[in-house]
Each structure stands twice: as structure tokens, then as C-alpha cells.
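The values are calculated or read from the model by the stated rules, or taken from the named source; none is laboratory data. None of the values given here were measured: they were computed from a predicted structure. Virtual Cβ from ideal backbone geometry, glycine too; neighbours counted across all protein chains shown.
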Amino acid sequence: MQDTVDRAAEPEFEDEEEPSFSDPEDFADDIDDEELLEDILREKPLEADGIDSVVVVDNVPQVGPERLEKLKNVIHKIFSKFGKITNEFYPEVDGMTKGYIFLEYAAPNQALEAVKNADGYKLDKQHTFRVNVFTDFDKYMSISDEWEPPEKQPFKDFGNMRHWIEDPDCRDQYSVIYESGERTAIFSNDPKEPILVEERARWTETYVRWSPKGTYLATFHQRGIALWGGEKFKQIQRFSHQGVSLIDFSPCERYVVTFSPLMDTKEDPQAIIIWDILTGQKKRGFHCESSAHWPIFKWSQDGKFFARMTQDTLSIYETPSMGLLDKKSLKISGIKDFSWSPGDNIIAFWVPEDKDIPARVTLMQFPSRQEIRVRNLFNVVDCKLHWQRQGDYLCVKVDRTPKGTQGVVTNFEIFRMREKQVPVDVVEMKESIIAFAWEPNGSKFAVLHGESPRINASFYHVKNNGKIELIKMFDKQQANSIFWSPQGQFMVLAGLRSMNGALAFVDTSDCTMMNIAEHYMASDVEWDPTGRYVVTSVSWWSHKVDNAYWLWTFQGRLLQKNNKDRFCQLLWRPRPPTLLSQEQIKMIKKDLKKYSKIFEQKDRLSQSKASKELVDKRRLMMEEYRQYRDKAMQTYNQQRELRLQLRGGVDTDELDSNVEDWEEETIEFFINEEIIPFGDLE
Amino acid sequence: MKPILLQGHERSITQIKYNREGDLLFSVAKDTVANVWYSVNGERLGTYNGHTGAVWCVDVDWDTKSVLTGSADNSCRLWDCETGKQLALLQTNSAVRTCGFDFSGNIIMFSTDKQMGYQCYLNFFDLRDPQQIEDNQPYVSVPCSESRITSAIWGPLGEFVIAGHENGEINQFSAKSGEVLKKVKEHTKQINDIQPSVDLTMAITASKDNTAKLFDSTSLEHIKTFKTERPVNSAAISPIMDHVVMGGGQEAMEVTTTSTRIGKFEARFFHAAYEEEFGRVKGHFGPINCVAFHPDGKSYSSGGEDGYVRIHYFDPQYFDFELEA
């Protein structure tokens, strides 16, 4: 505001001349721009604006003017995938491009996409792009010369992650979900009685999963999954994936794959995410149309590769880069199914018939992509791949309709993986197949075939001499599932759900039935990782009453019946592979008798200890009860007068207290009538 | 032990009761019939006819003079035990769920269900005042707004009634004023039955939450718990041994999904101090609805959904059996 003083100093107003309203020459107003133009100033473009959308691409080929146009086209093609390129700058020196370029996008997030996806892009053998946002340069330039060591993060000690293996009594652990999901507990398996290790309410919102080597327990929550481990089951890691419904671990336990049907967008595939477990980082996201055949990504046995099948394509990715192996997927027209060998980095896949090309099963080695074996199959309706646990054999169950017939016939094509050129033997099955399972650690397989009620169980042995021998067939079995012991040799044939829980325990070394039993309405059978125990259970998810899990020995002797209110799921904790060498295992097996003696002694001791504990507990309970009863009787005796009064003086404290009042009366009861004929009287 | 089978009802048994001396066994069922039998041989003495709906409860006074029954026909009736003649009919607004004579036999209580807009009430009548019966006016009527009473017994000296509710609560109602003297909530689901020990010092409750619990009648202190994996319909305390017997089953609609092996429904015996099960008795073709010990403890009876009442006399081994301690 101008001072009134100044105004007074102005030249006098004259009628003819227009007054001058301009400021005096040396006037400087003391109102700053911010006050007057605040809102407009806010929109003043900053120098830095626009720089956030610029990327610098390094290692671009240095070309002359004749190839510049082509180079620009190539760059454009690659980089316009991430957004709209609004500006580009190819600095030159001496007529050649310098080898780095600037690209500007319409928005900063597009620039970030470019960095994320194009950094490391191999244009050709000599040129691998390095892509950075321009603002990063600023950041890197302004790094102070004084290097400050990074702040030490407190060491999160989770303790011994393999603690449970060190249990001196070799008890395996298992997780139990009960109270319809409200409670989850971890027990240590003792043949006498399960020992509670940990129990938490609402530990998971749906169900749990163990990692393949047993190190982690994964729980599900609306916002993602959590991994727990160590002696006290502390939270090791958390992965945020809204609405996660399915997970899968890599066999090496380095990665976990989560699936959520919710959060998928075109720009940012989030349906499937692969995480690094130790760092907690999100490694890569993928689209996923349907989770019908989970796991969508199948891992190779060493965790080096993971693959998935989409229409006519097999995509194999490698770790840790998470990029496509050889930068491209395999085009396999009509591919129907594939699976990795559990023993080697080999994939088996099959394609159905295509005009005159027969259906075939192919075995392909990775990373070489070499086809080890191809097998043609004729008149195929469907195929299922069954690998033996060690990858020694592959069984392809082929359903065929032979020419000229209507019905479907099943063959088992057995591929002998360990023999040169992978010979294939065929086993023909006359009846429809209900279940098939390889013996782990062995070369036998079991088949359930036929139609209810005439279901048969057959056992075959794949011999070294090229023959596949039928060892034994049991007919009229009540079974719809096969459960081999993880160590081989023993198995359970179970008739789950609709077959009311019929169980048959078989020793396949001589194919004898060790025991036949029943767990009414059993819905699941789970072997412990050592093959010593079997758990059969009735889950609340399939049957609303009698929810319990029963513990049996591998021979079929029932040890425990554990009722749990609304019991849902029991999962054994897997064990990591043994650290012993084959030599050491052989030595132990030789000296087994010696070890047995020590264990038996220990068992006997613990038995008597248990009964002693029980006896002590009972004694204590009885003492407490007696004390209570004595006190109650005291009060009772004190009230005797009152009782007599209430009943008009009649003493009714004992049944025979008023025996004088009793009358004795003898009554005859008619008990029985028996007519004895005296034979025919002539 | 070979049981005596009583076939006198056409529908499921709702309650059975021995008289104080144990020579008579009363049974009532959904078929509107109330029967009385000789417990020594199972011979039927007679029937109390009159109810037109399912009879839910029965009680007999200490002198075996009068019998009290409560029914879904909205009435509580008093009968002469010997002749079977109906002495009084007390009309109610809803089904009578539980009833009983007090220690002196002078006061009766019964509870009515929450039905058709009517609340659950606990009513007390003094039989020495015939006006109350004539006018159908209880001297105390306690409304239960929260959770209806599902089972009730008298306390040891007739001063209060111990009632079990649909929500698992147990309340002590004063017989003089109707006020709540004590309350506890140990069960998580409906209490199906409460029975006193023979000296009335303890009470055992049977609940849908798969457990039975032992309480002190006066203090309502929770003493023992007996766990099973099925809802418990009824429980009783042995007069002479440290045993309790429990009978149960599951919802009628779920019966078809369990094993249909004949006679699978069992009465289970637990040690009262150790809370451990030590024996089972099979025989019923349906869930067991009511169990009762004979006052001399040498036999027990059970009434089932199958309409049968079974009287079991214990073998000598039962009395010698001991759990190691």
C-alpha cells in the first residue's frame, strides 16, 4: 500500500493533463509474487518436470547416418511397449551416435516400466541395454564423498530352523486345524499320545501348507501369506498378495508362488507372483486365466527351472533371473499336459492326434532342449503322466479306442528312464482304472481297476530283465485310493468318503494283507515322512460329525483315536533330505540290531514312566475329590434336622433308615410257563 | 449283564425316573403316555392317561404318593400314583418342559417353553394351598427373558431350583422369591439334562457341547468335566460308587449318516474322580435320551429315541472294578 505521504508528494492534478497513475521510476513494490499469484505459481512448470519421464539407454550400437533410421525403428519398436514415446534424442559425435540415447515418455510410470523391463535386454551379442531413469543420474552424482556405513539392521535370529529334526525321540511333527479353522496346533507325534508343541487361535484364515523340506509353515490371510518357522514358530516372512487363495513352493524352498484371483491388471500382472523367500522380494508377476490346475507353474526337481503350459505353448523360465530360458517359449501345437521328472531336469509332455500325425509323448532334456525319447500312440482318447518318485520310471496311462471298437481300453506305457535309449514296455489293462501309484524308492506300482462293487487291486513289478510282472491281484476290494509309504514297500488301500473308510494295510514285499480295518467315513489318509505311522482322518470339511484323526502303525495296528472338535486337516511336517551318505546308511542298516536294543530299552522306560505319571495324576484327583466330598458330607450331616422336619419326622437319609416302618409281604410273580410234552400217549 | 427290555411306548422316551425307594420306574414319551413299571422284573403296573401331547417330564414325590408330569399339550398334571387318577390339571400357555417335587413333596415347580409369543416361565405352586391349584395361580412365577430353561431340579432342602438353560447357563432360582441367587456359565451349548446325586449335594449337567459336568448343588462350584465327542443327552451319578453314566447321540437328522451298525448307541461310564471313561453298554437302536441309576446303585436304566427302556443289573465285576491309582 502506498503511503499517504507519497501521494502528497505527487505533482498537482491539472485539469488538462491526464494524471499519471504510473508508479515512480524507482518504485519497487513490496508485495511478492507468492502472495498475489499463489495459485498460479503453483502450476509453474518446474525445471525438473518432464525429467521424471526420461530414460537413458546405454550400450546402444554406435551407427552412422545410413543406419540411424533403422536403429531408431528398432529402438522405437522395443521401447514403445512400455508407453507413449513423446521425445527422443540420439546424441552424436563425429557423425556416429554416441552409444547412448534419451527417450521421453508421456508419464513417469511408463519410464519406470521401461527401466524394469528393458534393463538387461540383449539386443545382440555385443549390446545389452542398460536403462535408467534420468533422475537417477542426479541421485548418483550427488552421492556424498563421505561414505557412511549403512545402519545395521538388527539381526532377526529365528533360531535353529531345523530344530524339530533334533528331537531325541525322533518324533515327527504334524499340523492340525480344528474348530472349523479357528485353531491351528502343531503336535509332536508320540505313539502314546500327541504332544502339543504350539497352538494358536486364528493362526490361519483358511488352511496351512508346509514347505517341501519342512522348514516353513505357510498360513493364509486376506492380505497375503505368512511363513513361520524355527523352534518357536516365529514369523519369518510375510508376502502381501491380496486375496491369495493358492500357493506352491519351489522344491529347494527358495521361492514361493502365490495365486490370487483378485488383483490382476493388464499393465501389472499380479494373479501369480513369485517371491524370494529369504529376502521377501517380489521377483516376478504373471497373468493367470484360471487356477483350475494348480500349480500352474511346475518346478524342476532342483528348483533351477519352472514351466507353464498355455495354448500351444510351453514356457520354461530359469531362476534366479526369472526370465524365459533362451528368451523364448517352446511352440508345441496342441500340447495337453506336461510334467517334470522328479529326478532329473526332464519334461514329459504329450500332444494328441493331429490329422495323420499320431499322438505322441515326448521326453525333453533341459536346458539343452534335446528330445531324449518320442513315443507315438494311436487312437488316443486321453493320457495321464505318472512319474515314479525318484524319476526312475515314467508311466503314461493311455486311454485308447482301438480301431473298429467303441469302448475305451487302457494301456500303461512304462518308460525305463535309467536305461539307454529309454525303452518302453506296455501293460494292457482290461478294466477301467480307478487309481494308479508308483512305489516310492522302488520299482513296483499298484493299480485299482474295475467297477464298484467288483474293484480289484493289482501289484506289478518292473523287472530289470525287460519284463513287467503281475505279482498279485486282490479282488473285491473296498478301495478307491492308493497310499504308498514314502519309504516304499508298505501301503494302504483305502475306500474314502463314499466307501465308508475301509482300510487295507498291505506289505508288498510278499503282497500280504497285514490288516483290514475301518475308520468310518474317513476322508484322508496321510503317511508320516518316515513311513512308520499312518493317520486316517474324518475332516469336518467333508463330514460334520465324528471329526477325529486316528493314528496307526505301518502294519495297521491302531494306536490312538484323537477326537478334535470340528477337526479339519492334518498335515505331516516333511523332513529335509537325509544328510547321510549311502555308505553311512548301509552301515546303520547293518548295525540295526545294536541300535534296536537301545531303543527298546528306552521305550520300555518311557512306558512305565507314563503309567507312573497317570497313576500320580489319578491319586491327586482322587484326593481332591475326597476332600470335597468330606466337606459336602459334613454340611449334609448338619442339615439332618432340617430334612427330618421337611418330611414330617420320617428318616429317609438311607434306603433302609426306616426299616421298622416296612411291612414284609411275599408276592408270587408269574415268571415263565413251560409245557413239557410226555410224548404220544397211545 | 442281560438287560430287561421295557416295551410300552410307541415313540421316543423323553424321561425316566425311579421313585425314592427304587422299586418303581416311571417312563414318559412323545406318544402322550406315562407308564410306571416294577423295576425288579420290568412288569408294567399301569399308565397315567390324560395328556394329549408329548410328555416331556415326570417326577414322583418322596413318599411315592403323587406323580407330576409336564407335556407339550400345555399342561402340568398331578396324579395319584397308586390309582392313576388325575388329581389336578394346571393349564399353561406353552409346553411344560421340566417339572419336579421339592424335598418335602409340598411344593412343585415346572418350567414352560418359549413358544408362540409366550415367554419361558418358572412356576411354583404350594400343594398345601388348594386355592393355588384351583385358580391356577402359582405363588411365584419367574419369567426368563434371555434363554429358556431346558432342564431343572430342586436344591437339597427345597430353598431353590437349579435350572439349566438353552445357552448353557445354570441359574439358582429362589423358591420363595424367584430371584436369581447364583449363576454360572460353564457349558457352551444347551443343557439337555440335570440330575442330582442321591443325597442332593451334587448335580450333574448333560450338554449339547459334548460334555457333562459335575457341580456342587449349593455353591454351583464346577468340580468335574467328562468329555465325549457326541452331544450328551442325559447323565446320572451313582449312589454308591464314584461313577457317572452318560447317554447321548446326535441330532435326529444326522442319525442316518453315522454307522448304522445295530445297537451302536452306547451308555458310557466314567470314573467321577479321574474323569476317565472305563466302560460302555451297547443295546439301544437310537440315541439315548435319558439315563437313571437305581437308588441302591445296583442297577441303572436308559430310555432311548427307539422307544425302549432298558433296565441293566450290574455284574459283580462292576463293583470290584478299579482303575489303577
### Task
Find the residue count for region A:186-214, including only residues that are under 21 Å from residue A:540 (Cα atoms), among the aliphatic types (A, V, I, L, M) and surrounded by 17 or more Cβ atoms within 10 Å (Cβ to Cβ).
2
### Query
Of the residues that make up region A:567-577, is at least one within 14 Å of chain B (Cβ to nearest Cβ), in contact with a Phe, Trp or Tyr (Cβ under 8 Å, 6 or more places away or on another chain) and surrounded by 10 or more Cβ atoms within 10 Å (Cβ to Cβ)?
yes
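How about region A:518-539: which of its residues are of a type in the set (D, E, K, R) and surrounded by fewer than 20 Cβ atoms within 10 Å (Cβ to Cβ)? Quick ask: steps written out before the conclusion?
First, the residues of region A:518-539 that are of a type in the set (D, E, K, R): A:518, A:524, A:526, A:528, A:532.
Once the filter is applied, which keeps residues that are of a type in the set (D, E, K, R) and surrounded by fewer than 20 Cβ atoms within 10 Å (Cβ to Cβ), region A:518-539 yields A:518, A:526, A:532.
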### Message
Any residue at all in region A:440-447 that's touching an Asp or Glu at 6+ places or on another chain (Cβ under 7 Å), part of a strand (DSSP E or B) and under 16 Å from residue A:396 (Cα atoms)?
### Response
yes
### Query
Which of (1) farther than 22 Å from residue B:18 by Cβ; (2) acidic (Asp, Glu); (3) within 14 Å of chain A (Cβ to nearest Cβ) is the odd one out, the single condition residue B:199 does not satisfy?
(1)
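This table checks each residue for (1) small (Gly, Ala, Ser); (2) over 19 Å from residue B:26 (Cβ atoms); (3) touching a residue at least 24 places away in the same chain (Cβ under 8 Å).
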position: B:61; (1), (2), (3): no, no, yes
position: B:67; (1), (2), (3): no, no, yes
position: B:75; (1), (2), (3): yes, no, yes
position: B:94; (1), (2), (3): yes, yes, yes
position: B:105; (1), (2), (3): yes, no, yes
### Query
In the list A:355, A:328, A:384, A:403, which residue meets the criterion of being under 30 Å from residue A:450 (Cα atoms) and loosely packed, with under 14 Cβ neighbours inside 10 Å?
A:403
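Rundown of residues vs (1) in contact (Cβ under 8 Å) with a residue 40 or more places away in the chain; (2) facing chain A (nearest Cβ under 9 Å); (3) within 26 Å of residue B:141 (Cα to Cα), yes/no style:
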site	(1), (2), (3)
B:173	yes, no, yes
B:182	no, no, yes
B:185	no, no, yes
B:189	yes, no, yes
B:214	yes, no, no
B:219	no, no, yes
B:227	yes, yes, no
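Okay, residues lined up against (1) part of a strand (DSSP E or B); (2) more than 17 Å from the chain's Cα centre (by Cα):
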position: B:22; (1), (2): no, no
position: B:25; (1), (2): yes, no
position: B:46; (1), (2): yes, yes
position: B:50; (1), (2): no, yes
position: B:56; (1), (2): yes, no
### Query
Would region A:540-557 turn up any residue that is crowded, with 17+ Cβ neighbours inside 10 Å and either acidic (Asp, Glu) or on the phi > 0 side of the Ramachandran plot (or both)?
yes
### Summary
Scanning region A:634-653 residue by residue, those at the interface with chain B (Cβ under 10 Å from one of its Cβ atoms) and not in a helix (DSSP H, G or I) turn out to be A:639, A:647, A:648, A:650, A:652, A:653
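Name the one entry in A:99, A:95 that is modelled with pLDDT under 85 and assigned by the TED database to the domain that holds residue A:130.
Working: A:99 fails: modelled with pLDDT under 85.
Within the list A:99, A:95, the selection yields A:95.
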### Message
If I go through region B:129-186 residue by residue, how many of them are out of contact with any strand residue (DSSP E or B) (no Cβ under 6 Å at 6 or more places or on another chain) and β-branched (Val, Ile, Thr)?
### Response
0
### Message
Among the residues of region A:618-633, what is the count of those that are surrounded by 14 or more Cβ atoms within 10 Å (Cβ to Cβ) and more than 8 Å from every other protein chain (Cβ to nearest Cβ)?
### Response
1
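Could you list, in sequence order, the residues of region A:392-426 that are under 23 Å from residue A:492 (Cβ atoms) and in contact with a Phe, Trp or Tyr (Cβ under 8 Å, 6 or more places away or on another chain)? Talk me through it step by step, then tell me what you get.
First, pick out the residues of region A:392-426 that are under 23 Å from residue A:492 (Cβ atoms): A:392-393, A:395, A:397, A:412.
Correct list: A:393, A:395, A:397, A:412.
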### Query
If you scan region A:426-443, which residues turn out to be outside the structural domain of residue A:486 (by the TED database) and closer than 10 Å to residue A:462 by Cβ?
A:427
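Are there any strands (runs of 3 or more DSSP E) wholly within region A:485-601 with 3 or more residues that are closer than 27 Å to residue A:218 by Cα and touching a Gly at 6+ places or on another chain (Cβ under 9 Å), and if so which?
Details: elements: A:490-495, A:502-507, A:512-518, A:524-527, A:533-538, A:548-553, A:558-563, A:569-572.
Hits in region A:485-601: A:533-538.
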### Selection from region B:113-165 of residues that are modelled with pLDDT of 90 or more, away from chain A (no Cβ under 14 Å) and at positive phi
B:136
### Query
Of all the residues that make up region B:272-305, how many are away from chain A (no Cβ under 14 Å), outside any strand (DSSP E or B) and surrounded by fewer than 20 Cβ atoms within 10 Å (Cβ to Cβ)?
2
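Tally time: how many residues in region A:79-128 are assigned to a strand (DSSP E or B) and under 23 Å from residue A:322 (Cα atoms)? Please lay out each step first, then the result.
Pass one, region A:79-128, residues assigned to a strand (DSSP E or B): A:85-89, A:92-93, A:96-97, A:100-105, A:122, A:128.
Within this subset, residues satisfying the condition of being under 23 Å from residue A:322 (Cα atoms) are A:122, A:128.
Count: 2.
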### Query
Quick one: which strands (runs of 3 or more DSSP E) sit completely within region B:67-138 and have at least 1 residues that are under 28 Å from residue A:647 (Cα atoms) and touching a Pro at 6+ places or on another chain (Cβ under 7 Å)?
B:120-126
### Query
Do you know which of the residues in region A:545-578 that are in contact (Cβ under 8 Å) with a residue 60 or more places away in the chain and under 23 Å from residue B:248 (Cα atoms) is farthest from the chain's Cα centre (by Cα)?
A:560
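Would you confirm whether any residue within region A:579-600 is touching a residue at least 40 places away in the same chain (Cβ under 8 Å) and surrounded by 11 or more Cβ atoms within 10 Å (Cβ to Cβ)?
Filtering region A:579-600 down to residues touching a residue at least 40 places away in the same chain (Cβ under 8 Å) leaves none.
Within region A:579-600, none of the residues are touching a residue at least 40 places away in the same chain (Cβ under 8 Å) and surrounded by 11 or more Cβ atoms within 10 Å (Cβ to Cβ).
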